[in-house]
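Take a look at the structure below.
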Amino acid sequence: MVKKLLHTRMRVNELERTVKFYEHALGLTVARRSVSPRGAQVAFLATPGSEEEIEICQLPNSPAVQVQPDLMHLAFEVDDLAAFAAELVRKGYPLSDGPTTTGSGSVIAFIDAPEGYEVELIQRPRSR
């Protein structure tokens, strides 16, 4: 029986560019780096408030990553989407979609990570 989710792996074309994006745009931190037995460069990113990590991997001598539209995305909760989005724009990362209010009252928006992976930002409804 599965105990818990440990990490999600995403293959990328340029490891350093992707790590910089997640550090600079979202404030994630590199927990550790390694080289796999197959020679892949790997960086594990720690996410605030969560034990799960994001594994970013660059495989040598492999075809370029070409993410299909709406293939997958990562979602992160933020306290104030408008303020977070303004800070992203200041850093050079404009929203690619949204903000949109959902039926549940959450506000969502998206930014594009390298290779075309989407990152969803979610502001949960404020309790009254």
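Here are a few things to note about the model shown:
- Looking across the stretch 80-113, the residues that are small (Gly, Ala, Ser) and either in a helix (DSSP H, G or I) or under 13 Å from PRO125 (Cβ atoms) (or both) come down to ALA82, ALA83, ALA85, ALA86, GLY103, SER104, GLY105, SER106.
- Filtered residue count, the stretch 83-128, keeping only those that are without any contact (Cβ under 8 Å) to a residue 40 or more places away in the chain and among the hydrophobic types (A, V, I, L, M, F, W, C): 10
- Within the stretch 1-48, the residues that satisfy the criterion of being more than 18 Å from LEU59 (Cβ to Cβ), within 15 Å of the chain's Cα centre (by Cα) and of a type in the set (Val, Ile, Thr) are THR29, VAL30, THR47.
- Filter result (at negative phi and of a type in the set (Asp, Glu)) within the stretch 82-126: GLU87, ASP97, ASP112, GLU118, GLU120
- Residue list for the stretch 85-111, restricted to those being surrounded by 18 or more Cβ atoms within 10 Å (Cβ to Cβ) and closer than 15 Å to PHE21 by Cα: ALA85, LEU88, TYR93, ILE111
Bear in mind that the values in this text are calculations on the coordinates, not laboratory data. Everything quoted here is computed from the prediction, not taken from an experiment. Cβ: placed from backbone, ideal geometry, glycine included. Neighbour counts: every protein chain shown.
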